[in-house]
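S.K.: One structure, pasted below without further comment.
The values are calculated or read from the model by the stated rules, or taken from the named source; none is laboratory data. On a predicted model such as this, the values are computed, not experimentally measured, just so you know. Please note: Cβ atoms are built from the backbone with ideal geometry, for glycine as well, and neighbour counts cover all protein chains shown. Surface areas here come from the heavy atoms of the whole protein model, side chains and all, with no ligands, DNA or RNA. Shrake-Rupley method; radii C 1.70, N 1.55, O 1.52, S 1.80 Å.
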Amino acid sequence: MDLRGHLDLLLLTALHDLGAAHGYSVIVRLRERSEGAFDLPEGTVYPALHRLERDGLVASEWATVASRRRRVYRLTPDGRATLRAKRREWRVFAAGMGAVIGPTPMEGLT
Amino acid sequence: MTEPDSVERYLDDLFDRLSGTGGAGRRALAEAEEHLRDDVAEAVSRGVPADLAAREAVARFGRAADLARRLRRANRSHRALALSSGWLVAGWASAIVALSFLLTAVDRLVELRRTPGNAVECASTTCPTQTQALEHYLALTVGFGLLGAGLLLARRVVRPVPVPAALPILTAVVSALLTPVFLFGALSPVLSDLNLLVGSAGIYFTLFVGVVLGAATLASAGWAIAVRRRPAVAAG
């Protein structure tokens, strides 16, 4: 599935749900919540997290988790505000798309 | 010494591709290693053989080249971008100036063979001979050629940051605006005074730069279209 344009919203949501979390747990969270639908190369999550940090939407620090040193990410206040705005945008978008394409399969299409 | 597993080879490859990225690259490499080791450990705990678990973890993580490209893009600063773009533009500009000097040098050489020993037409009391003019332009060709080649090669070796996404369209617009200035400056008698402003660059300077800018306009417009169409899987 092509997640272009939606990865930021997914990552911000995962970090909101998990609180402070490292990249691996964010990916596991996305995989579980999407029931395997989001089959993206796992490595792509890290550049996206770095970009969100560069833009001030997440902050990160090294922490020891289960006796392992890991980079842990959390939302910043700007990240929470962006998440609220993106969630509103997505709901409007999804409602519009749903209204256009309809809830049932189209005749003649498999 | 045991053979490195898939994870080790992948991390070595990623390390090579992240050269020059400093602390951001080191941190990304550490995160990649943690992630892959966790993934392998989790699979092994489910009974998957270690070799297979390592290969599958690497496959799921994605190609090192793609990851390195995204990491460079994610961590680049505006200052580094400006420096990188300026470096690139300076390199190409030097190469173009060198080529214009080369054309002028060839012109002088042809002229010298036709009328050997004659002074170059000029208003000054100390006019150079055609041989002196030829040597002058050849020296400038070599100087600017070396400068341009040095800048462009150094940029490839150092690999600072990728060019910004806006550079192609910016180049197209600037080239499109400058093309008529140089092209008609070279061809039009009205604007021929422009040659005096850049006279030291050779008599073909304005014409040559005008043609190059015209080509650059078309090339950078195509480049901008290609950049926009390039797939960016999960680019967020």
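S.K.: If I stretch the segment between B:Val44 and B:Thr131 completely, what's the gain in nm (0.36 nm per residue apart, minus their alpha carbon distance), one decimal?
M.R.: 23.5 nm
S.K.: Expressed as a whole percentage, what fraction of the accessible surface of segment A:18-110 belongs to carbon and sulfur atoms when a 1.4 Å probe is rolled over the protein heavy atoms?
M.R.: 55 percent
S.K.: Using a 10 Å cut-off on Cβ to Cβ distances, tally the other chain neighbours for every residue of B:31-39 and report the average as a whole number.
M.R.: 6
S.K.: With each pseudo-label sitting 7 Å past Cα toward Cβ, what's the B:Arg26-A:Arg80 distance in nm, one decimal?
M.R.: 3.3 nm
S.K.: Counting only other chains, and only Cβ atoms inside 10 Å, what mean value do you get across the residues of A:47-54? Present the calculation step by step, with values, prior to reporting the outcome.
M.R.: Working: counts 14, 5, 4, 9, 8, 2, 3, 5.
Rounded to a whole number, the mean comes out at 6.
S.K.: Between B:Phe184 and A:Glu89, what is the spin-label point distance in nm, taking each point 7 Å from the Cα along the Cα→C-beta axis?
M.R.: Output for this residue pair reads 4.3 nm.
S.K.: In the full protein assembly as shown, how much of B:Trp87 is accessible to a 1.4 Å probe, in Å² to the nearest 10?
M.R.: Only protein atoms counted, so the area is about 60 Å².
S.K.: Counting only the heavy atoms of the protein chains, how much of A:Asp78 is accessible to a 1.4 Å probe, in Å² to the nearest 10?
M.R.: Accessible area, nearest 10 Å²: 100 Å².
S.K.: For the pairing of chain A with chain B, what total accessible surface becomes buried, with a 1.4 angstrom probe, in square angstrom to the nearest 100? Working shown, then result.
M.R.: Numbers: alone 7710 and 15000 Å², together 20350 Å².
Between A and B, the summed buried area is about 2400 Å².
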